[in-house]
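Only one structure is covered here, and it is reproduced in the block below.
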Amino acid sequence: MPEGSTAPARRFRGICAASTSAAAVAALTFAAAPAAHSSPAPDASYAAALTPLYPTPGQPASSEPGSEAEVTAVPNEEDGLRVATLHAGLTASNPEGSDPLDSLISDLAGGNHGQARTLAETVQINEPDVLVLTGVSHDEDGRIAEILQNQYFASGQNGQSSKHYPHVFTAPTNSGVDSGVDLDGDGTVGGSGDAMGYGSYPGQEGMIIFSKEPLDTDGARTFQEFLWKDMPGSSLSDEGFTQAEESILRLATTSLWDVPVLVEGHEPIHLIVSATAASDEPGTADRARSEDFAQVLADYVSSEAWYLYDDEGVEGGLRPGAQAIVVGEPFIHEDAGAEKLISHPALEDPEPEAVTDTDVSERPGEPSQTDETATRWVSGGEDLRASFAVPSKGLSFIQSGVFWPGDGEFGHRTVDPTASNALDDRLVWLDVHAPH
């Protein structure tokens, strides 16, 4: 930009390409076959990370098979439906000369990927009925979802019981798809900054739903192609893009889904699923996009999204009175859109806190920069509330929490930042009344 210009800085990290066909955006669903309950022999790095586990009130007392460790950290009520989300961080590097998706699939195959085993153990401890994974690459054949199902969740990790999710849903993402435009202004076309949604290869940041209850895949809606300019009152025009760029920019950096869960004897519960794909240093347009996306989520749940159209061209949001849970990792940071969403009168923030007897100030990092509702550990910085499971006002919730055990408590190894295969993100769960 010319020196002295007052137009907004162009540091946007995503743009859309030409509209894809209906077949390309169709959701992939499959019922994975049950796998053996026994766990494969761990690799050396995973075995080295194992440490003794100790009980804390409200958590299992042992990790031995057949003990209390087979139950969830916080028991769900008999008529409750547990919906959980976790940012998995299962994306491939982009090694020269190889396909990153093939590389990731190869690393996962065999059931010995350390980080995936930690993910599976976390899921097995907390026993969600519905699990929404974000930060996991999307492949159109569903191989990643199938491997996670059959080689990780279905294999007991570190003494936990295996889990099986017969209903799986995933769909394409905007992350990493080249736009053909130099959006980041670096003088070249291509790369992460010029993708629809930030990413170094197509499908880098995606989402998967695993469910014990049936999913209404025929009634599912995806909003990958909704254009940012078509949101009334959007901030797009303030971000310094050309008219041609504005005409093709999509709002979602990954996608937005509405996938109903079908619980027998209960009206459908709509999972409003989303995730973000942004650089570690988002620009002003990334934040504006995140704020506008929060408004779309709120409008959708409150039946005020008359302007919204899905990838099949169907307009509008939820019908009035429909029950819903906004779930996933929808914002680049919690200060960019989160308050707009969780404070909306159509939603009720359960304000989940870590289930632990350890004071939050004892976590690694600066004690003054911690938050009981945080779900992401940040080295040397402020922990973030990055993942959300927020019910609509018409849906009665029982309890909610964040799986973040402290030092010496059961499961701490899965969240200990000094452990080689620990995740940076924590699972957040929500129990709602849904007799089944």
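Given R0 = 41 Å, the distance between the Cβ atoms of Asp371 and Val189 translates into a calculated FRET efficiency of 0.55.
Considering the zone a paramagnetic label at Glu351 would reach in this model (a point 7 Å from Cα along the Cα-to-Cβ line), which residues of the stretch 400-432 have amide N under 18 Å from it? Inside the label zone: 400-403, 429-431. For Ala244 and Ala109, a Förster radius of 45 Å and the Cβ-Cβ distance give a FRET efficiency of 0.55, rounded to the nearest 0.05. Each of Asp258, Asp216 was scored by other Cβ atoms within 10 Å of its Cβ. Arranged with the fewest first, they read Asp216, Asp258. This model, with +1 at the C-beta of Lys and Arg and -1 at the C-beta of Asp and Glu, gives the stretch 359-427 a dipole about its Cα centre of some 400 debye.
Database remark: amide H of Ala154 closer than 5 angstrom to the amide H of Lys163 (H placed geometrically; neighbours at sequence offset of 5 or more, or on other chains; Pro and chain starts carry no H).
Using the Cβ-Cβ distance between Ser361 and Asp79 with R0 = 60 Å, the FRET efficiency computed as 1/(1 + (r/R0)^6) comes to roughly 0.95.
The charge dipole of the stretch 382-421, taken about the Cα centre with unit charges on the Cβ atoms of Lys, Arg (+1) and Asp, Glu (-1), comes to about 300 debye, rounded to the nearest 20.
Normalised radius of gyration (Cα atoms, divided by 2.2 N^0.38 Å) for the stretch 204-332: 1.09.
Any idea how far the Cα center of the stretch 84-128 sits from the one of the stretch 278-313, in Å? The distance from the Cα centre of the stretch 84-128 to that of the stretch 278-313 comes to 28 Å.
Remark on the stretch 388-436: hydrodynamic radius 12.7 angstrom, per the Kirkwood mean of 1/r across alpha carbon pairs. Across the options Ile272, Trp257, Tyr165, the greatest Cα extent toward the positive end of the charge dipole of the stretch 165-280 (unit charges at beta carbon of Lys, Arg, Asp, Glu) belongs to Tyr165.
The ranking of Met207, Met231 by Cβ neighbour count inside 10 Å, starting from the fewest, reads Met231, Met207. Residues whose amide H lies under 5 Å from that of Arg250, counting only those 5 or more places away or on a different chain, are Cys16, Trp228; hydrogens are built 1.01 Å from N in the peptide plane.
For the stretch 283-436, the residue among Ala386, Val432, Gly328 whose Cα projects farthest onto the positive side of the dipole built from Cβ charges is Val432. Placing unit charges on the Cβ atoms only, positive for Lys and Arg and negative for Asp and Glu, gives the stretch 165-247 a dipole magnitude near 400 debye about its Cα centre. Distant-in-sequence amide contacts of Ile398, defined by a placed amide H-H separation under 5 Å and a gap of 5 or more residues or a different chain, comprise Asp431, Val432, His433.
Each reported figure results from applying straightforward, stated rules to the coordinates on display, with no laboratory input. All values derive from a computational prediction rather than experimental measurement. Counting neighbours? That spans all protein chains shown, and the Cβs are built from the backbone with ideal geometry, glycine included.
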